[in-house]
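What follows draws every value from the coordinates through simple rules; no lab data is involved. Predicted model, so just to flag it, every value in this text is computed and none were measured. All Cβ positions, even for glycine, are placed from backbone atoms using ideal geometry, and neighbour counts span all protein chains on display.
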Amino acid sequence: MGPMAGTASEETAAFVTSAAAGDEVAFGHIVAAHHDDMRRVCVVICGDEALAEDAVQAAWSIVWQKLNSLREPGRLRPWLVSVAANQARDLVRKRRRRSHLEVNSDAPDVSGGLDPATGIDALDLDRALDRLDPDDRALLAMRYVAGFDASELSVAIGLSPSGTRTRLERLLKRLREELE
């Protein structure tokens, strides 16, 4: 595949078309551009780095097989992240694994410098996120980790943009109430 001119969306469309036709180099460009976003979302869903990486690897296998079914190359990123999120949710459900929190006991002794409430707040948030359904964690991860807007989220979860905003608002309200 030669150098591509034009906008980023034209370049993405060209990579998708080439990769769907079996071009491994084009697929490598797609992987390089989107792997980290997919992994970050999966880490939030799984609560475990290794399990998240397994989910992303499984997602890439599915993407390679189904890339030619992507109708709108401009929607590549939401589609990729939703495939990875689905894999992460499936792995969490199959393994029914609880995430493990690591508490750093080697924190420097700074008298009056650290607020113990900060660490407690982080633990409370982690525990509240752990109690969420994997679908809810996926929604939060796609919004706040991957930075999806309402239209991208709606593609990823199959709701209208307004329905997506409503679901997210209700989820955030529930999370805030639990943390108070």
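Run the quick spin-label model on ALA33 and SER9: label points 7 Å from Cα toward the beta carbon, then report their separation in nm to one decimal.
Each label point is offset 7 Å from its Cα along the Cβ direction, giving 1.3 nm.
Between ARG95 and ALA50, what is 0.36 nm times their sequence separation minus the Cα-Cα distance? Round to one decimal in nm.
14.9 nm
Among 63-69, 11-17, how do they line up from the highest to the lowest mean number of other beta-carbon atoms within 10 Å?
11-17, 63-69
Applying a 10 Å radius around every beta-carbon, put 152-165, 42-55 in order of their mean neighbour count, most first.
Descending mean neighbour count gives 42-55, 152-165.
Work out, step by step, the length gained on full extension between GLU180 and ALA150: first 0.36 nm times the residue separation, then minus their alpha carbon distance; give nm to one decimal.
My answer for the length gained is 8.1 nm.
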